[in-house]
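These notes are about the structure you will find just below.
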């Protein structure tokens, strides 16, 4: 099991720089089914559109993961601010565990619950393969599918209350907040 760590919202330019550097250094591992230009726009959009970037640190205080989101959807000109779209969620192989996955989800839901906007829904896209479908269908509803030149994508939706209830059933998972 990985050593304990913590999650932290990027609040400074140095942290935002770490976020981008961390993800670009692992670009091939992200396995994004888009061209580099489109992928870069997804990775950077939370920093450019007033969204949120979060870093995950391991027990040695080294960055081992990143998560980011934006408010609203393109279909509604980003005015539907009760919806967030996760742009990236990545943990380095050496830091992946069920516990850290739940810690990241809990950190996200606690952060969203504390915001002025009344977030009702979380949306995200993931590679359309059996492994990710098994994982995400545990707590989210598949709502879309798309075929990209680089591979299939599945779109998911989960309501905040639904995700909070799911995580409360797994309350034994401890999360450290910053």
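Read the figures in this text as sums done on the coordinates, not as results from a lab. None of these values were measured; they are calculated from a predicted model. Cβ: placed from backbone, ideal geometry, glycine included. Neighbour counts: every protein chain shown.
Taking the alpha carbon gyration tensor of region 113-152, what are the square roots of 5 times its eigenvalues, largest first, to the nearest whole Å? The partial results should precede the final answer.
Details: eigenvalues 129, 34, 12 Å².
Output for region 113-152: semi-axes of 25, 13, 8 Å.
Let me check against my output: what whole-number percent is the relative contact order of the chain, with C-alpha pairs under 8 Å and at least 6 apart?
Computed value for the chain: 22 percent relative contact order.
Between region 1-56 and region 72-111, how many Å separate their Cα centres?
Region 1-56 and region 72-111 have Cα centres separated by 11 Å.
Work out the P(r) tail for region 29-88: percent of alpha carbon pairs separated by more than 12 Å, whole number. Display every interim value, and only then the final one.
Working: 1241 of 1770 pairs.
Cα-Cα pairs of region 29-88 separated by over 12 Å account for 70 percent.
Highest mean first, what order results for 47-53, 139-145 on Cβ atoms within 10 Å?
47-53, 139-145
Given 10 °C and 1.306 mPa s, how large is the Stokes-Einstein diffusion coefficient of region 1-104 in µm²/s, with Rh as the Kirkwood radius over Cα pairs?
Stokes-Einstein gives a translational diffusion coefficient of 112 µm²/s.
Taking only the alpha carbons of region 1-45, what extent do you get along each of the three principal axes, in Å, biggest first?
That gives 34, 30, 14 Å along the principal axes, largest extent first.
At q = 0.11, 0.15, 0.19 Å⁻¹, work out log10 I(q)/I(0) for the chain with the Debye formula, treating every Cα as an identical point scatterer and leaving solvent out; two decimals please.
With one equal scatterer per Cα and no solvent, log10 I(q)/I(0) is -0.45, -0.89, -1.58.
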